[in-house]
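Since the structure comes first, as structure tokens, the remarks are kept for the end.
The values are calculated or read from the model by the stated rules, or taken from the named source; none is laboratory data. Worth saying up front: this structure is predicted, and the values here are computed from it rather than measured. Please note: Cβ atoms are built from the backbone with ideal geometry, for glycine as well, and neighbour counts cover all protein chains shown. Surface accessibility is based on the protein's heavy atoms, side chains included, excluding ligands, DNA and RNA. Shrake-Rupley method; radii C 1.70, N 1.55, O 1.52, S 1.80 Å.
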Amino acid sequence: MTIESAKDQLIQQLAALYEPREAASITHMVLEHLTGMNKTDRMIHKHQELSVEQEDRLLSMVTSLLNNRPIQYALGEAWFGGMKFIVNEHTLIPRPETEELIEWIKATANPEPQKVLDIGTGSACIPITLKKEFPLWQLTAIDVSDDTLEVAQQNATLNQVAIEFMRMDFLNESLWSNLPDYHIIISNPPYIKKSEKDSMSANVVDHEPHVALFVPDEDALIFYRKIASFGLSHLKKNGQLFFEINQLLGKEVCTLLEEMGYQPILRKDLHGNDRMIMATLVQ
């Protein structure tokens with residue numbers, strides 16, 4: 001099988017699940033990952049035969065994709081902030097909206113030494129990207145899952161940064177005393193109501209970790225409330241919270257934060273959805 005025939009075959013196989021443009025984009029990602037060649041090089045070498053090992057890997061990836069597995073999981077990697085991250089079913093796939101949150105943090109941050117906490121770190125894309133930008137910062141990242149933290153540590157090693165990782169069920173308030181005070185607390189917590197599950201695409205619901213996605217309908221703001229409560233005793237003077245939020249709950253999160261003594265600012269993402277909040281503790 002040549003590179004060109006592999007491309008044609010893959011686009012045809014994906015046509016049943018994806019629009020033509022998305023099928024072409026996924027095909028490009030698969031072949032670049034498989035061959036190590038960019039699109040121009042693959043055109044030049046389109047008659048080059050794939051090795052037996054490459055054909056076997058291609059078959060495995062196609063099988064995964066046709067079972068609605070996200071392309072990032074099929075490849076075992078995702079790109080975020082110009083860096084490569086290892087991802088699997090223990091981590092959420094990093095998304096552009098989170099990059100927007102990080103850009104907001106960068107625009108408002110002090111590059112001098114800061115103590116920063118990321119709650120529910122997943123792949124650790126947030127602390128790793130910030131550590132690259134602010135090498136003087138001391139970043140701690142916590143998550144409830146050992147499997148997730150293993151991937152996070154691999155990503156820190158891959159991207160050559162030092163992050164302190166801790167396993168912790170943050171909802172257990174008795175553990176909060178184990179943590180010091182911080183200048184900034186960041187979280188992209190679970191925020192999708194379980195009732196919204198039926199409206200979501202199968203490749204998300206069937207493959208991404210539910211513990212990182214869903215919250216009970218009757219207490220959809222649980223993580224924001226807990227983190228804000230933690231911040232009352234663990235934020236330094238003029239400390240800040242940064243949140244990614246459910247676009248349907250922006251006003252509710254802001255009201256909650258105001259009632260707890262914060263000054264929140266709600267910001268839309270590039271698609272015009274309420275997506276992130278910066279909240280300063282009023283002291």
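The table below gives the values:
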read-out: C-alpha center-to-center spacing [segment 27-50, segment 110-146] in angstrom; value: 35 Å
read-out: Simple label model, 7 Å out from Cα along Cβ direction - ASN238 to GLU252, nm; value: 3.4 nm
read-out: DSSP-defined antiparallel bridges as percent of all bridges, segment 79-187, nearest 5; value: 15 percent
read-out: Apportionment of accessible area to carbon and sulfur, the chain, percent (1.4 Å); value: 49 percent
read-out: Antiparallel content of DSSP bridges confined to the chain, in %, to 5; value: 45 percent
read-out: Charge dipole magnitude, Cβ of K and R +1, D and E -1 - the chain, Cα centre, debye nearest 20; value: 660 debye
read-out: Extended-chain gain in nm, criterion 0.36 nm per residue less alpha-carbon gap, HIS45 and ARG57; value: 2.4 nm
read-out: With eigenvalues of the C-alpha gyration tensor scaled by 5 and rooted, segment 4-93, Å; value: 21, 16, 13
read-out: Of LYS7/LYS131; LYS132/LYS236; LYS84/LYS251; LYS84/LYS237; LYS39/LYS268; LYS7/LYS106, pairs whose Cα-Cα distance is over 30 Å; value: LYS7/LYS131; LYS84/LYS251; LYS84/LYS237; LYS39/LYS268; LYS7/LYS106
read-out: Length released on extending from ALA15 to MET37, taking residue separation times 0.36 nm less the Cα-Cα span; value: 5.6 nm
read-out: Average accessible area per residue (Å²) across segment 1-106 - probe 1.4 Å, nucleic acids and ligands excluded; value: 54 Å²
read-out: Overall form of segment 118-180 per C-alpha gyration tensor (a/c, 1.5; a/b vs b/c); value: oblate
read-out: CD proxy at 222 nm, helix term only [per DSSP H run n ≥ 4: -39500 (n - 2.57); per residue of the chain; nearest 500]; value: -12000 deg cm²/dmol
read-out: Solvent-accessible ranking of SER123, SER51, largest area first, probe 1.4 Å; value: SER51, SER123
read-out: Rg ratio (alpha-carbon, reference 2.2 N^0.38 Å) - the chain; value: 1.10
read-out: Listed residues LEU221, LEU34, LEU270 arranged by accessible area, highest first, probe 1.4 Å; value: LEU270, LEU221, LEU34
read-out: Per-peptide average of other Cβ atoms within 10 Å, ordering 54-63, 147-156 highest first; value: 147-156, 54-63
read-out: Given charges at beta-carbon only (K, R positive; D, E negative), |dipole| of segment 224-283 in Debye; value: 180 debye
read-out: Separation in nanometres of the label points that stand 7 Å from Cα toward Cβ, at LEU66 and HIS271; value: 2.9 nm
